[in-house]
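Chemist: Submitted below is the structure of interest, expressed as structure tokens.
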Amino acid sequence: MNEPGPSADPDQATLRKASLGIAVRISAACAVMVVCLLAGAAIYLTNQLSRPELPGTAGSAADYTYLDYKDLLKALVIAGAAGILFAGVIGWLSARSAIRPLGEAMALQRRFVQDASHELRTPLAILDARIQLAQRDAPPGSKPGLALARIREDTSTLTSIVNELLLAATGGAAETPADPLDIAEVTAAVADSVREIAQDLDIGIAVTHDGQALARINANSLRRAVLALADNALAHTPPGGTITLATAVRQRSAVITVTDTGSGITGVERDRIFERFVRTPRPDGARGQRSFGIGLALVRDVATAAGGTVEIAGTGPDGTTMQIRLPLAGA
């Protein structure tokens, strides 16, 4: 049974902030209108006071009441302020009512991620245990033993991803690693993971390192980001091409580049390539799994969360280079 956590708090805070913002905008619009009306009234009164017309006493059957223009302006100001306040309250209540379905949808989405992540943890733990049992029967250093070790690493990565999803769904914040991470090790591990897939697609994988690049970032998050770039490169590289994963130290930054030999980015603006659900057409002959336009957006989220950036370093008919730049640890 899931325990109630602070999952609703972030949603409620976001909705309250949105409601308040809408109310402030409505109040500001009303304030501008009231100020314009007061200015018009003041100009009219000033014009009338400059040319007073007193009624004659002879034959006048009407009664006249004289008001001081200062009292009249004061009454208009008070009425205007009351109108602005009333408009703000009405706007806030209307905004809360309008975005209530959005809050329910956010809560439902968060609950789904929580339940799915929690339910996946047990099967993954069972799978890891079975892999360990199989490893005991495999001779050390043998081909089956090495394959089982890789499978267990992939299972551990998947478990970490599920835990990160559960942490995000409960509104928790990921901890910043205390020790710097060697991004070359993560990049090399990603290259080993995609090498077999690349071989099936007749694509070569190359890895280069220039200096020891250290950054403070979660290893699993960085692995997912680099893997997403590599997967994107696989999807846009034709058979016979090459993908190069490289790390380097540049201007107090730890840099990771993924370069392919595809036909370059076409059919979409470069500034939009890291937005969600943005996809580019594949070159003729390219194979691989279907893209949903989410991977590069996740790369941007991971890089931004670590204080870094991701960009297209270059693209053209000879290929594309994606670059992740992270703050260098200790710089």
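Chemist: I need a count of the residues in region 223-241 that are over 23 Å from the mean Cα position of the chain (by Cα) and crowded, with 18+ Cβ neighbours inside 10 Å.
Modeler: To start, the set of residues in region 223-241 that are over 23 Å from the mean Cα position of the chain (by Cα) comprises 234-241.
Then drop every residue that is not crowded, with 18+ Cβ neighbours inside 10 Å, which leaves 234-238, 241.
Summing the residues that are over 23 Å from the mean Cα position of the chain (by Cα) and crowded, with 18+ Cβ neighbours inside 10 Å in region 223-241 gives 6.
Chemist: Among the residues of region 304-331, which ones are part of a strand (DSSP E or B) and among the charged types (D, E, K, R)? Don't jump to the end; show me each part of the working.
Modeler: So in region 304-331, the residues part of a strand (DSSP E or B) come out as 309-316, 319-327.
Answer for region 304-331, where residues must be part of a strand (DSSP E or B) and among the charged types (D, E, K, R): E311, R325.
Yes/no matrix, rows are residues, columns are (1) among the aromatic types (F, W, Y); (2) within 26 Å of A149 (Cα to Cα); (3) out of contact with any helix residue (DSSP H, G or I) (no Cβ under 6 Å at 6 or more places or on another chain):
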site	(1), (2), (3)
A82	no, no, yes
G88	no, no, no
L93	no, no, yes
R96	no, no, no
A105	no, no, yes
S117	no, yes, no
L124	no, yes, no
R130	no, yes, yes
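Chemist: Please go through region 177-197 and pick out each residue that is under 26 Å from the mean Cα position of the chain (by Cα) and either assigned to a loop (DSSP other than H, G, I, E, B) or basic (K, R) (or both).
Modeler: Matches in region 177-197: P177, A178, D179, P180.
Chemist: Suppose we filter region 289-302 for residues that are out of contact with any Lys or Arg (no Cβ under 8 Å at 6 or more places or on another chain) and at pLDDT below 75; how many remain?
Modeler: 2
Chemist: Something else: Count, please, the residues in region 135-156 that happen to be in contact with a Gly (Cβ under 8 Å, 6 or more places away or on another chain) and of a type outside the set (G, A, S). Write out each step before concluding.
Modeler: To start, the set of residues in region 135-156 that are in contact with a Gly (Cβ under 8 Å, 6 or more places away or on another chain) comprises 135, 138-139.
Checking which are of a type outside the set (G, A, S) leaves us with 135, 139.
Number of matching residues: 2.
Chemist: In addition: Hey, could you check region 252-280 for residues that are among the basic types (K, R) and within 27 Å of A189 (Cα to Cα) and say which is modelled with the highest pLDDT? Full working, then the answer.
Modeler: Filtering region 252-280 for residues among the basic types (K, R) gives 252, 270, 272, 276, 279.
Next, from what is left, pick out any that are within 27 Å of A189 (Cα to Cα): 252, 276, 279.
On the way: R252: 88, R276: 74, R279: 65.
Checking each candidate, the answer is R252.
Chemist: Could you look through region 198-222, keep only residues that are modelled with pLDDT under 90 and in a helix (DSSP H, G or I), and pick out the one that is farthest from the chain's Cα centre (by Cα)?
Modeler: Filtering first and then ranking leaves A219.
Chemist: If you scan region 112-132, which residues turn out to be acidic (D, E) and within 24 Å of the chain's Cα centre (by Cα)? Walk me through how you get there before you give the answer.
Modeler: First, pick out the residues of region 112-132 that are acidic (D, E): 115, 119, 128.
D115, the sole residue that qualifies.
The values are calculated or read from the model by the stated rules, or taken from the named source; none is laboratory data. Note that the structure is predicted; figures quoted are calculated from it, not measured. Please note: Cβ atoms are built from the backbone with ideal geometry, for glycine as well, and neighbour counts cover all protein chains shown.
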